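Q: Okay, here's the structure, questions in a sec.
Every number here is computed from the coordinates shown, using simple stated rules; none is lab data. Source: prediction; values computed, not measured. Heads up, the Cβs are rebuilt from the backbone with ideal geometry, glycines too, and the neighbour counts pull from every protein chain shown.
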Amino acid sequence: GPGLVVAVDGPGGSGKSTVAKAVARRLGLRYLDTGAMYRAVTQLALEQRVDLEDTEAVAQLAERATITPGTDPDGPTIAVNQVRVDAEIRTRAVTNAVSAVSAVEAVRRRLVAQQRQIVADAVGTAGGIVVEGRDIGTVVATDAPVKVYLTASTEVRALRRSRELGEKGVDDVARTLAELGRRDALDSTRTVDPLLVAPDALVLDSTGMAIDEVVDLVLRRCGEAG
Ligand code: C5P
């Protein structure tokens, strides 16, 4: 039958990556981290000292670069111009600059087209794909039979992020919380493809839930979708 597409959207620290990868593994599907693609362009822009306010320059950079995301939930995340940048894209500098880059319309047009191609390939050859991001259910894969909007309280999301970054102090969590709030605001209010809840999405608030419970709910939804 036709391949399954599972769209997982939500803000930072909502548990999207963990849930999306687990669902892909359980169903034997491909996996695409679209946030990593925006992060990769951002990392390249910082490395080449491109002025992030210069949208023309940022757009050109995105057009010239070859961004190659992996689609194995247990494989490498991403390469830029054939060089793997899995760790480089997770730095605080990239995280704090990515919203400016992802707001550039030409960057989004380019990456969304590539994401749709990856989804089509996975549907045609691998039984389907789990795609995580901010605009998957609303823009990239509007026909996806399963759409999940994952969220959690800002405090819980900041704590998770802080833990991922290996931080320990209360000040670190406070700083991460402030940065997360700023990024949420930018991602939700930008003009092009902002973070929105798709009308047909299953909204899951993972604040008081274990990851396994969230994964089970998503898998159940996938079972219902056939
Ligand atoms: O998911 P992650 O936190 O890695 O995403 C990094 C950033 O990439 C987000 O803050 C957002 O600015 C951008 N993004 C986006 N659209 C997507 C995925 C990520 O604009 N589909």
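Q: Inspect region 191-205 for any residue being at positive phi and acidic (Asp, Glu) and give the result as yes or no.
A: yes
Q: Okay, next question. List every residue pair whose Cβ atoms sit under 9 Å apart, with the two residues 6 or more apart in sequence or on different chains, where the first one lies in region 190-205 and is in contact (Cβ under 8 Å) with a residue 40 or more places away in the chain and of a type in the set (Ser, Thr, Tyr) and the second, anywhere, is part of a loop (DSSP other than H, G, I, E, B) and within 16 Å of the ligand (Cβ to nearest atom).
A: Thr191/Ala103
Q: Among (1) in contact (Cβ under 8 Å) with a residue 24 or more places away in the chain; (2) in contact with a helix residue (DSSP H, G or I) (Cβ under 6 Å, 6 or more places away or on another chain), where does Leu61 come up short?
A: Unmet condition: (1).
Q: While we're here: Applying the selection to region 188-226, what residues are of a type in the set (D, E, K, R) and touching a helix residue (DSSP H, G or I) at 6+ places or on another chain (Cβ under 7 Å)?
A: Once the filter is applied, which keeps residues that are of a type in the set (D, E, K, R) and touching a helix residue (DSSP H, G or I) at 6+ places or on another chain (Cβ under 7 Å), region 188-226 yields only Asp193.
Q: Of the residues Leu165, Leu217, only one is in contact (Cβ under 8 Å) with a residue 60 or more places away in the chain and either under 16 Å from Ser17 (Cα atoms) or surrounded by 14 or more Cβ atoms within 10 Å (Cβ to Cβ) (or both); which?
A: Only one candidate qualifies: Leu165.
Q: Regarding region 131-138, can at least one residue be identified that is under 15 Å from Gly12 (Cβ atoms), in contact (Cβ under 8 Å) with a residue 12 or more places away in the chain, exposed (fewer than 15 other Cβ atoms within 10 Å of the Cβ) and within 19 Å of the chain's Cα centre (by Cα)?
A: Checking region 131-138: not a single residue is under 15 Å from Gly12 (Cβ atoms), in contact (Cβ under 8 Å) with a residue 12 or more places away in the chain, exposed (fewer than 15 other Cβ atoms within 10 Å of the Cβ) and within 19 Å of the chain's Cα centre (by Cα).
Q: Got a sec? Which of Val146, Val119 is more than 13 Å from the ligand (Cβ to nearest atom) and either crowded, with 22+ Cβ neighbours inside 10 Å or among the aromatic types (Phe, Trp, Tyr) (or both)?
A: Answer to the check: Val146.
Q: Hey, can you tell me all the residues within region 1-40 that are within 28 Å of Gly208 (Cβ to Cβ), buried (at least 22 other Cβ atoms within 10 Å of the Cβ) and of a type in the set (Ser, Thr, Tyr)?
A: Ser14, Tyr31, Thr34 - these are the residues of region 1-40 that are within 28 Å of Gly208 (Cβ to Cβ), buried (at least 22 other Cβ atoms within 10 Å of the Cβ) and of a type in the set (Ser, Thr, Tyr).
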